[in-house]
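Visitor: What follows is a structure written as structure tokens; I'll ask about it next.
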2 protein chains.
Amino acid sequence: MATYKTRAQFVADDLRGRILGGEFKGGTQLRQDALAKDYDVSRIPVREALLTLESEGLVEFHAHRGAFTTELSVAKIRELFDLRVLLETYVLRHAINGLTDTDLKKAEDILLKYDQALNSGGDIDNWSEYNFAFHQALYAPAELPETLSLISQLNTKSDRYIRMQLVYTQEIEKAEQEHHGLLELARQGDADKACELLKTHIQEACEGIVALLEERAKQPETS
Amino acid sequence: MATYKTRAQFVADDLRGRILGGEFKGGTQLRQDALAKDYDVSRIPVREALLTLESEGLVEFHAHRGAFTTELSVAKIRELFDLRVLLETYVLRHAINGLTDTDLKKAEDILLKYDQALNSGGDIDNWSEYNFAFHQALYAPAELPETLSLISQLNTKSDRYIRMQLVYTQEIEKAEQEHHGLLELARQGDADKACELLKTHIQEACEGIVALLEERAKQPETS
DNA sequence: AATTCGCATACTGTATACAAACTGCAATGA
DNA sequence: TCATTGCAGTTTGTATACAGTATGCGAATT
């Protein structure tokens, strides 16, 4: 049992959170020395953490110039969401017949828990995790670990932009309603309708993000 | 232009080749010290190389026990090939209408070059690269870099097993014929038929590998 | 005045050195 | 006899130290 965590892993996890949380804008250089001081470790685990994040697509290494946070073009964002549609409808279709009552209960619990958090005082920081947990709960019975891993990758890459959208719009309620709808269709075992809803669910999120980015592009600096 | 390569990258590239080439059987421990001596570098770039390979799914880290080469179950191999079918038919469909004469010429050149190599004295070491280059040439016009990257990941993970199959069977000629057929259908712009052929092309390779693995499982030790 | 060259600076990439953790075996005790 | 504990040896994970490369500014040249 690997309950132990290396410093490199700790730095990677925390730094991922900071990047996804928007602390660093796209293209900013991440100086190893500074990060090492931040975490009170040497530069070695910092480098290893940055390498991990590179493989996740969150930073890019430039030779002898270190790591920079990545910024995705609108085209790439569209591509990522198209891939999510392709892969997530694929697993949902495979999972939906194998969904047991326990699975459905689990998904519902996550959903209700999130409903509560939303009503009480909605902090968005945790939303990504809730959202991902709910989707994974529906996908779990498919027993396609490699596929889920790819989906997880895609989510990580697009996560920053999803959060950005949530901050500036009131999309959460709509997404939440769609989640309830998705759960109901899954319960009924209606694969076609469920996949259709999932597809529009993802696509509309994408369009919202793209619209926001293009809006921003018109007003380059609002500071 | 980053024509420069760090030692860590060099080690990663070479070590990947060795793993895919079958030098290490599944589950063998890769000791950092030994590798460092092999490449005449310190353990730092070796560790970074291993981290890169971990993100590619070729090795796994166990806390304080180092990196071990991974071994895929039959179920995971099947899953990887199913994903390849899903993603590769997806890009091919997107690419096929945009294929220019130059693109087709490029794919054909790769194919002919490989035909020659096969006739003259077929060494399989390069086959993976040829194969991948041909497929990528057909997919290029889709202009879906993220998707191609995922496909590349899947190919890397399954590469060892493809090579294994090629060593023990005479599947290369058949694959080569299918490649020619694929090129012809692409030239005609027949997306449906091309995707169908691609699908069976991938699926049959998968079945060949699974059959070989199950054959092996019956005769655990042939040394 | 504009451009190019050279140097100083800062940061990365890697080697070396050290500390902590895991493994295996032997000795002890029930 | 079998399980448990402690120790030695080995290997990893990380800190420190050093070498090499990119960037920016100023001087020299046209």
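Visitor: Convert each backbone phi in segment A:46-62 into a coupling constant with the Karplus relation 6.51 cos²θ - 1.76 cosθ + 1.60 (shift: θ = phi - 60°), then list the ³J(HN,Hα) values in order as whole Hz, x for Gly and Pro.
Guide: For segment A:46-62, the Karplus-derived couplings read 5, 4, 5, 4, 5, 4, 4, 5, 4, 5, 8, x, 8, 9, 10, 8, 10 Hz, x marking Gly and Pro.
Visitor: Excluding B:Thr102 itself, calculate the net charge of residues whose Cβ lies under 14 Å from the Cβ of B:Thr102, where each Lys or Arg counts +1 and each Asp or Glu counts -1.
Guide: Working: positive: B:Lys105, B:Lys106, B:Arg187; negative: B:Asp101, B:Asp103, B:Glu108, B:Asp109.
For residues surrounding B:Thr102, the net value is -1.
Visitor: Now a separate question. If you put a point 7 Å past Cα along the Cβ direction, how far is that point for A:Gln177 from the same point in each other copy, in nm, smallest first?
Guide: A:Gln177 label point versus its equivalents elsewhere: 5.7 nm.
Visitor: For chain B, find the longest principal axis of its Cα atoms and tell me its angle to the long axis of helix B:145-168, 0 to 90°, nearest 10.
Guide: 80
Visitor: Rounded to the nearest 10 Å², what accessible area does A:Leu212 have for a 1.4 Å probe in the complete protein model?
Guide: Near enough 30 Å² of accessible area.
Visitor: Which whole number in µm²/s is D for the protein assembly as shown by Stokes-Einstein, with the Kirkwood Rh taken over Cα pairs at 25 °C and 0.890 mPa s?
Guide: Calculated translational D: 102 µm²/s.
Visitor: Moving on. Give the Cα extents of segment B:7-69 along the principal axes, in whole Å, largest first.
Guide: Result, largest extent first: 27, 25, 19 Å.
Visitor: Quick one, what does Rg over Rh come out to for segment B:69-131 if you take C-alpha atoms and the Kirkwood Rh?
Guide: Ratio value, two decimals: 1.09.
Visitor: Ignoring ligands, DNA and RNA, what percent of the accessible area of the protein assembly as shown is carbon or sulfur (1.4 Å)? Display every interim value, and only then the final one.
Guide: Details: 11560 of 23480 Å².
Carbon and sulfur atoms account for 49 percent of the accessible area of the protein assembly as shown.
Visitor: For chain B, find the longest principal axis of its Cα atoms and tell me its angle to the long axis of helix B:127-139, 0 to 90°, nearest 10.
Guide: Here the helix axis deviates by roughly 50 degrees.
Visitor: Still on this model: What's the long-distance tail for segment A:24-160, i.e. % of Cα pairs beyond 26 Å?
Guide: 41
Visitor: Separate question: Using a Cα-Cα cut-off of under 14 Å, which aspartates and glutamates could be cross-linked to A:Lys105, ignoring same-chain neighbours fewer than 8 residues away?
Guide: Filter leaves A:Glu184.
Visitor: At most 15 other Cβ atoms within 10 Å plus a DSSP loop assignment makes a site exposed; report the longest stretch of chain A without any exposed GluC sites (Glu not before Pro).
Guide: My reading of the result: A:144-220 is the longest stretch.
Visitor: Also, quick follow-up: With a Förster radius of 30 Å, plug the Cβ-Cβ distance of B:Glu143 and B:Glu207 into 1/(1 + (r/R0)^6) and report the FRET value to the nearest 0.05.
Guide: It comes to 0.40.
Visitor: Just tell me which lysines come within less than 20 Å, Cα to Cα, of B:Lys157; anything on the same chain fewer than 8 places away is out.
Guide: Those lysines meeting the cut-off are B:Lys25, B:Lys76, B:Lys199.
Visitor: Would you mind listing the distances between the A:Phe10 label point and the same position in each other copy? Use 7 Å along Cα-to-C-beta, nm, one decimal, shortest first.
Guide: 3.4
Visitor: Could you state how much accessible area A:Tyr168 has, in square angstrom rounded to the nearest 10, with a 1.4 Å probe and all protein chains kept in place?
Guide: Near enough 140 Å² of accessible area.
Visitor: Same structure, new question: So, R0 is 22 Å and r is the distance between the beta-carbons of B:Thr102 and B:His180; what FRET efficiency does that work out to, to 0.05?
Guide: So, using R0 = 22 Å, E works out to roughly 0.70.
Visitor: Give me the inter-chain shielding for A:55-62: mean count of other chain Cβ atoms within 10 Å, whole number please. All intermediate terms of the calculation are to be shown ahead of the outcome.
Guide: Numbers: counts 7, 1, 2, 0, 0, 0, 4, 1.
Rounded to a whole number, the mean comes out at 2.
Visitor: Right, another one. Roughly speaking, what is the stretch gain from A:Asp192 to A:Ser73, that is 0.36 nm per residue apart minus the C-alpha to C-alpha distance, in nm to one decimal?
Guide: So the chain would gain 39.7 nm between A:Asp192 and A:Ser73.
Visitor: Cut-off 18 Å, label point 7 angstrom out along Cα-to-Cβ of B:Ala217: give me the residues of segment B:75-111 whose amide nitrogen falls inside.
Guide: Residues B:75-82 fall inside that zone.
Visitor: Using the 2.2 N^0.38 Å rule of thumb for compact globular proteins, work out how segment B:132-201 stacks up: its C-alpha Rg over that value, please.
Guide: Computed over Cα atoms of segment B:132-201, the ratio equals 1.18.
Visitor: How large is the Kirkwood hydrodynamic radius of segment B:74-218, in angstrom, based on all distinct alpha carbon pairs?
Guide: Taking the inverse mean of 1/r over all distinct Cα pairs, segment B:74-218 comes out at 15.5 Å.
Visitor: Could you compute how much accessible surface B:Phe10 exposes when probed at 1.4 Å, giving the result in Å² to the nearest 10?
Guide: The accessible area of B:Phe10 comes to roughly 110 Å².
Visitor: Taking the rotation that carries A onto B, look along its axis and tell me which residue of A has the beta carbon nearest to it, distance in whole angstrom.
Guide: Closest Cβ to the A-to-B rotation axis, residue and whole-Å distance: A:Ser55, 2.
Visitor: Considering chain A as a Gaussian network with a 10 Å cut-off on Cα pairs, which listed residue, A:Lys76, A:Lys25, A:Lys37, attains the greatest mean-square fluctuation?
Guide: A:Lys37
The values are calculated or read from the model by the stated rules, or taken from the named source; none is laboratory data. On a predicted model such as this, the values are computed, not experimentally measured, just so you know. Don't worry about glycine lacking a Cβ; one is built from the backbone with ideal geometry, like all the others, and counts go over all protein chains shown. Heads up: the accessible areas ignore ligands, DNA and RNA and are worked out on the full protein's heavy atoms, side chains in. Shrake-Rupley method; radii C 1.70, N 1.55, O 1.52, S 1.80 Å.
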